[in-house]
Amino acid sequence: QVQLVESGGGLVQPGGSLRLSCAASGSGFRANVMGWYRQAPGDQRELVATITRGGSTNYAASVKGRFTISRDNTKNTVYLQMNSLKPDDTAVYYCNARAFSTYWGQGTQVTVSS
């Protein structure tokens, strides 16, 4: 049974920073690609960033230059450093991990507001 547990969401002012973490657990689980998606109220879930096991990254145009994704393969953990946050970044952020199947975390709320 694979579980993804996210942490690090919260309320931050515009221009502030947050760091999300997602730890994957499960006997022998090794994710090929890990990433973050987000969903704002009334919108579809969208890609934020992904990272392969080898460290190749992909970002949505809206976050490029502000967000940084990284991972620690020894801990099966992926991180999302979010800087220069904007109100438009407000959403529930979901961790995603892909091996033979695709797994999702429960989501963590990020609210950017003054």
If the viscosity is 1.306 mPa s and the temperature 10 °C, what translational diffusion coefficient in µm²/s does Stokes-Einstein give for the chain when Rh comes from Kirkwood over Cα pairs? 113 µm²/s
Amide H to amide H, which residues 5 or more places from residue 86 or on other chains are under 5 Å from it, using H placed in the peptide plane? 15
Can you give the accessible area of residue 52 in Å² (nearest 10), computed on protein heavy atoms with a 1.4 Å probe? 50 Å²
Quick check for you: which residues of the stretch 70-84 have the amide N under 14 Å from the point 7 Å beyond the Cα of residue 2 toward its beta carbon? 76-78
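Relative to the present Cα-Cα distance, how much length would full extension add between residue 58 and residue 73 at 0.36 nm per residue of separation? Please report the intermediate quantities before stating the final value.
Values: separation 15, 0.36 × 15 = 5.40 nm, distance 1.75 nm.
Length gained between residue 58 and residue 73: 3.7 nm.
May I ask you to list the chymotrypsin sites (Phe, Trp or Tyr not before Pro) in the stretch 17-114 that are in a DSSP loop and have at most 10 other Cβ atoms within 10 Å of their Cβ? Let's see the in-between values first.
Values: sites: 29, 36, 37, 59, 67, 79, 93, 94, 100, 103, 104; in loops: 29, 100.
Counting only loop positions with at most 10 other Cβ atoms within 10 Å, the chymotrypsin sites (Phe, Trp or Tyr not before Pro) in the stretch 17-114 are 100.
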Pairwise centroid distance, computed over Cα atoms, of the stretch 9-30 with the stretch 62-82, Å: 8 Å
Calculate, for the chain, the solvent-accessible area per residue in square angstrom, rolling a 1.4 angstrom probe over the heavy atoms of the protein chains. 53 Å²
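What trypsin sites (Lys or Arg not before Pro) in the stretch 14-101 are in a loop by DSSP, with at most 12 other Cβ atoms within 10 Å of the Cβ?
Values: sites: 19, 30, 38, 45, 53, 64, 66, 71, 75, 98; in loops: 30, 45, 53, 64, 66, 75.
Sites meeting the loop and neighbour criteria: 30, 64, 75.
The values are calculated or read from the model by the stated rules, or taken from the named source; none is laboratory data. None of these values were measured; they are calculated from a predicted model. Neighbour counts are summed over all protein chains in view; Cβ atoms, including those assigned to glycine, are modelled from backbone coordinates with ideal geometry. Ligands, DNA and RNA are stripped out before the accessible areas are found, and what is left, the full protein with its side chains, is counted by its heavy atoms. Shrake-Rupley method; radii C 1.70, N 1.55, O 1.52, S 1.80 Å.
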